[in-house]
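The values are calculated or read from the model by the stated rules, or taken from the named source; none is laboratory data. All figures in this text were calculated on a predicted structure; none of them were measured in a lab. No Cβ is skipped: glycine too gets one built from the backbone with ideal geometry, and neighbour counts run over all protein chains shown.
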Amino acid sequence: MSEVNTIYTKKYDVFTYLGWAACGIIFLTQLFWEFIYNSLNISIQVQIGSVVSKIAGVCGVILLISYFNHVRQLPDSQMKLVGGLLAGAALIKAIDVFIGINLGVINFLKKPVLLIPVVILFIFYWNYGPLPKILAGAFSLRILLQLVIGIIYIFVYPPLFLYRLRRYVYLITLLLLAYWFFLGIPDLKGIASTTKAKPESVKLVSSKDTYKGSGTGTGNGIPPSTSGWTHGIPRLAFWCETCNKKVNYRAKTNADIEKAHPCPTCGTTIKAWWVEPTKESYFKFIGGGLLVFGAMITILVETNFGNIGLYPMIMLMVISIIEMAIGIFVMYSGMRLKHTGPPAYATTIVSLEPQKVFLQEMIILVVIMLIGSAMVWGINAGLVAAVF
């Protein structure tokens, strides 16, 4: 599979890690379902299976979203086609997971239809090594098995081996997808040749994952690199070189950011810069946010629509309050400014570019928060249901 490796930069971002996590969780849910199917009675299977199915469904939505790393690298016409289809599939699947879409006797068509955009995506990657070909074939086989089982089920109960074959194909597909995400972010648009050239002869154009317009990152207040990570909330830091200490100043407006500021102690013009993001701070911000908003959704949904009884509700409230407290603490620790002095790229007047980039990233952040919060709610409800 060395041919595939030639189009990758070996860099990862939030979509990559979402893809890994979704593949891993779905894989585990399938193994767990195999265990409860063979070990537990029907009533317990129904109770636990509903929670497991919801978790796998949410991860399926995340998996559809994680493909956008690969969509963005395609030519514009292909990008718009596959991107629109994947977005629609993710939306429909999310509605099906949380509300339910019942098509009656043709209900089995839902999964095949939602898998079609994924097959198209890998077909567009067809010329870049054997892996996308294998994945396109694996997803096509899943669609075929789903259709065959669904059609047979209309008349008689399908043979057990078809169900097992579909599950094994699913597990193998998840492992292949995990490897696909492991390869990193593709760089089709950085290739200095036409798509007709063989991948072995392709020469990659050097690419740095930096803010647009940041150049080397020196003297404009913008970090030289984002290490392949979403920046999170842009955070300004200030430092007085004369006093040799941090200045606790908060810029309130864009006009305030784009001008020099004197040190309140000595009057010297202070240095300012956007603090470079780290994996640790990003994970803390996202993880804490998921706990906070997940706890809030749990409380709002269950108090308004839940009918689980007094004691389960009390337990659910206690869990949600604890999660909210932990989430707030983790979010705060992820947003703290950690530095011991101005970096080389610090300046007196910083650019607003990071804030413009963050507005675009907010869309991704909101999607992650909504899906992750729904997962926290599902886990909370599942825990209470398992106890009571």
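The table below lists the values:
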quantity	calculated
Unmet requirement for Pro342, which otherwise passes all of (1) part of a loop (DSSP other than H, G, I, E, B); (2) more than 30 Å from Asn244 (Cβ to Cβ); (3) at pLDDT 75 or above	(2)
Of all residues in the stretch 234-283 being of a type in the set (Asp, Glu) and surrounded by 14 or more Cβ atoms within 10 Å (Cβ to Cβ), the one that is nearest to Ser333 (Cα to Cα)	Glu276
Residues that are charged (D, E, K, R) and within 30 Å of Phe238 (Cβ to Cβ), drawn from the stretch 292-350	Arg336, Lys338
Odd one out for Lys208 among (1) assigned to a loop (DSSP other than H, G, I, E, B); (2) assigned by TED's automatic domain parsing to the domain that holds Gly137; (3) modelled with pLDDT under 70	(2)
Selection status of Ile95, over 27 Å from Asn69 (Cβ atoms) and either without any contact (Cβ under 8 Å) to a residue 24 or more places away in the chain or not polar (S, T, N, Q) (or both)	no
Qualifying residue in the stretch 35-53 (condition: under 30 Å from Pro130 (Cβ atoms) and either among the small types (Gly, Ala, Ser) or modelled with pLDDT under 80 (or both))	no
Residue, modelled with the lowest pLDDT, within the stretch 24-34, restricted to residues that are of a type in the set (A, V, I, L, M, F, W, C) and within 18 Å of Leu383 (Cα to Cα)	Trp33
Which numbered condition Cys243 misses (of (1) under 30 Å from Ile364 (Cβ atoms); (2) in a loop (DSSP other than H, G, I, E, B); (3) among the hydrophobic types (A, V, I, L, M, F, W, C))	(1)
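Residue-by-condition table, conditions (1) β-branched (Val, Ile, Thr); (2) touching a Cys at 6+ places or on another chain (Cβ under 6 Å); (3) in a helix (DSSP H, G or I):
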position: Lys54; (1), (2), (3): no, no, yes
position: Cys59; (1), (2), (3): no, no, yes
position: Gln73; (1), (2), (3): no, no, no
position: Val82; (1), (2), (3): yes, no, yes
position: Asn102; (1), (2), (3): no, no, no
position: Ile106; (1), (2), (3): yes, no, yes
position: Ile123; (1), (2), (3): yes, no, yes
position: Ala136; (1), (2), (3): no, no, yes
position: Leu141; (1), (2), (3): no, no, yes
